[in-house]
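S.K.: There's a structure below that I have some questions on.
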Amino acid sequence: MLAKILKQQGNRFLLEVDENVNPEHLETIRRGQEGFAEIQFIDNDPRSAKQNALSHSLIKDIAESENIPRYEAKEKMRHIYQNTYDCEFSHAEATKSEMNKWIDFLIEYVVAEGVQLPRRYNYLLEHDSFFYFCCKYRKCAVTGQSGAQIHHVTAVGNRHRNKVDHRKFPFVALSWKYHNIAHNLGQEEFIQKYQIKPVYLDQEALIKIGIMNNAQIMRFDEEYETEDLFKKAVEEDKSV
């Protein structure tokens, strides 16, 4: 759903959405609590040449990997994109924000489907999403090899892995060969040499790759909530 900003006053916005919103549906999803909406501000600047180049390079690689004409690969990806996000995509009309969303979509497809890239594009390595999806689908961020190991860039140490909230640690997915190289070279030298961008993983990715489960995450969130409530109570006592 797209919304137009009609007025802004500080952090208060008046928005006009492009679809009719059923008030009964809003009441249902609010479940008797405060209502929230997720907002993303759209960059109206036109796409950059760098974005355009990466998009067409990835489409070319998809076409060659799947042995189909390039125009067919482009239409296929546009069709999947439309079904996924319920909106169309056009290179000619896309803004920078829309191009970033499109490129992230292409990157996920390339990584998830094991599309063989002829080389590591420098433009590709600028996107955190590439390293995120490599972790999510266990693909080596250097070679693209499947079955990659998940490497803690910040050492967890001797702490029991089940008692660690892994959302607080950056990761990179590496084949066993490059995992060993990372340990032998040292983190800083390895990251610089192979242009690695360690990423923090969310609940979905951590559960998918088996590092954490939903029960563990819920337990940590409950502990954090208790800690926040305790700190709030202490602060309130101090102000009395």
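FYI, it's all coordinate maths here, none of it is from the lab. Quick caveat: nothing in here was measured; it's all calculated off a predicted structure. Positions of Cβ are backbone-derived with ideal geometry, glycine not excepted, and every protein chain shown enters the neighbour counts.
S.K.: Test of understanding: ordering 79, 127 by Cβ neighbours within 10 Å, fewest first, what list do you get?
M.R.: Ranking 79, 127 by Cβ neighbours within 10 Å, fewest first, gives 79, 127.
S.K.: Same structure, new question: Can you list the lysines whose alpha carbon is less than 28 Å from that of residue 60, not counting same-chain residues fewer than 8 positions off?
M.R.: 50, 74, 76, 96, 101, 136, 139, 193, 197
S.K.: Provide the gained length on full extension for the span residue 224 to residue 185, in nm with one decimal, where the gain is 0.36 nm per separating residue minus the Cα-Cα distance.
M.R.: Additional length available on full extension: 10.4 nm.
S.K.: Along Cα→Cβ, 7 Å out, is where each label goes; now give me the distance between the ones at residue 86 and residue 215 in nm to one decimal.
M.R.: Going by the 7 Å Cα→Cβ label model, 3.5 nm.
S.K.: Separate question: Of 105, 220, 130, how do they rank once you tally other Cβ atoms within 10 Å and put the fewest first?
M.R.: On the way: 105 19, 220 16, 130 23.
With the sparsest Cβ surroundings first, the list reads 220, 105, 130.
S.K.: A further question on this structure: Counting pairwise Cα distances across region 90-142, what percent come out greater than 17 angstrom? Don't skip to the answer; put the middle values down first.
M.R.: Numbers: 474 of 1378 pairs.
More than 17 Å apart: 34 percent of the Cα pairs in region 90-142.
S.K.: Here's something else I'd like to know. Against the empirical 2.2 N^0.38 Å scaling, what ratio does the C-alpha Rg of the chain come to? If you can, show how the numbers build up before the last one.
M.R.: Details: Rg = 22.0 Å, N = 240, 2.2 N^0.38 = 17.7 Å.
The chain yields a ratio of 1.24.
S.K.: For region 75-118, count the residues as N, evaluate 2.2 N^0.38 Å, and divide the Cα radius of gyration by that value, please.
M.R.: Working: Rg = 10.8 Å, N = 44, 2.2 N^0.38 = 9.3 Å.
Its radius of gyration relative to the 2.2 N^0.38 Å reference: 1.17.
S.K.: Starting with the fewest neighbours, write out 207, 5, 107 ranked by other beta-carbon atoms found within 10 Å of each beta-carbon.
M.R.: The order, fewest Cβ neighbours first, is 5, 207, 107.
S.K.: Please name whichever of 84, 94, 183 sits farthest to the positive end of the charge dipole of the chain, dipole taken about the Cα centre and charges placed at Cβ: Lys and Arg +1, Asp and Glu -1.
M.R.: It is 183.
S.K.: Turning to a different aspect of this structure: Could you go through region 194-203 in sequence order and give the Karplus-derived ³J(HN,Hα) for each residue, using 6.51 cos²θ - 1.76 cosθ + 1.60 with θ = phi - 60°, rounded to whole Hz, and x for Gly and Pro?
M.R.: 9, 6, 9, 10, x, 10, 8, 9, 8, 4
S.K.: Further question on the same structure: Once label points are set 7 Å from the Cα along Cα→Cβ at both residue 21 and residue 146, what is their separation, rounded to one decimal in nm?
M.R.: 4.4
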